[in-house]
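Just so it is clear, none of the values below were taken in a lab; they were calculated from the coordinates. Please read these numbers as outputs of a predicted model, since none were measured by experiment. Note that each Cβ is placed from the backbone with ideal geometry, even for glycine, and that neighbours are counted across all protein chains shown.
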Amino acid sequence: MTDNDVKQRKVLAVVTNYGVEQDELLVPLEHLRGAGVRVDVAAVSMDDIATLVGDKDPGKTVRPDLTLADADPAAYDVLLVPGGTLNADTLRLQNATTDIIRSFTDSGRPVAAICHGPWALVEAGVVAGKRLTSYASLRTDIRNAGGEWTDEPVVTDGSGGWTLITSRNPGDLDAFLGEIDAALAARA
């Protein structure tokens with residue numbers, strides 16, 4: 001992918017204002033922005049986003065770029081759904097989140113979810129027939145929603161007309177980001 005191709009790509013990250021796993025948001029932001037990709041962070045409100053480390057220790061604070069309600073999913077190439085137990089559990093209850101997810105999947109654009117992030121995909125009803133991974137505690141939810149859960153660092157499934165990229169936890173970020181890079185390159 002050339003620098004010009006990268007600079008034309010846009011990623012939307014969706015989170016709540018409390019509980020997103022710090023590295024699952026910040027590492028992708030730094031990686032993608034460092035490559036020239038525009039990344040917007042949409043949160044429930046415009047209040048600061050309080051990240052957590054390991055679901056319990058306070059992390060860094062992030063300022064959202066827009067709210068979930070104001071996000072126009074059609075303006076983005078890839079959707080990023082970070083985890084964090086509290087973040088993911090609250091995020092999946094936001095109608096705007098499930099609407100955004102369905103906009104991406106219905107239009108064939110890639111979705112990348114890590115750790116507990118796939119909970120939002122289960123809620124949106126888009127995992128049936130997909131092979132994916134997540135934090136291990138989601139495996140039953142994913143199977144009950146018709147997905148095929150596997151324990152691998154990263155899983156990319158291009159079936160059903162859209163690409164799903166999933167990883168288990170922050171330890172898998174390198175592999176996860178490599179697949180996101182590949183999805184962005186494919187959209188160039």
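Miscellaneous remarks
- Remark: spin-label model distance ASP47-LYS10 equals 2.8 nm, labels positioned 7 Å along the Cα→Cβ axis.
- Among LEU138, VAL15, VAL155 the positive-end extreme of the charge dipole of the chain (Cβ point charges): VAL155
- Comparing TRP119, GLY129, ALA175 along the charge dipole axis of the chain, the residue lying farthest to the positive side is GLY129, per the Cβ-charge model.
- Relative contact order for the range 3-186, counting Cα pairs under 8 Å that sit 6 or more residues apart, in percent: 20 percent
- If the Kirkwood radius is taken over C-alpha pairs of the chain, then at 37 °C and 0.692 mPa s the Stokes-Einstein diffusion coefficient equals 207 µm²/s.
- The spacing between the range 130-150 and the range 26-40, judged by their C-alpha centroids, is 27 Å.
- Gain upon complete extension [ALA185, LEU26; 0.36 nm per residue less C-alpha separation]: 55.1 nm
- Modelled spin labels at ASN95 and GLU152, positioned 7 Å past Cα toward Cβ, are 3.7 nm from each other.
- If R0 is 22 Å, the Cβ-Cβ spacing of THR140 and LYS56 corresponds to a FRET efficiency of close to 0.40.
- The charge dipole of the range 3-186, taken about the Cα centre with unit charges on the Cβ atoms of Lys, Arg (+1) and Asp, Glu (-1), comes to about 240 debye, rounded to the nearest 20.
- Once both labels are positioned 7 Å from their Cα atoms along Cα-to-Cβ, the gap between ARG33 and ALA74 label points is 2.8 nm.
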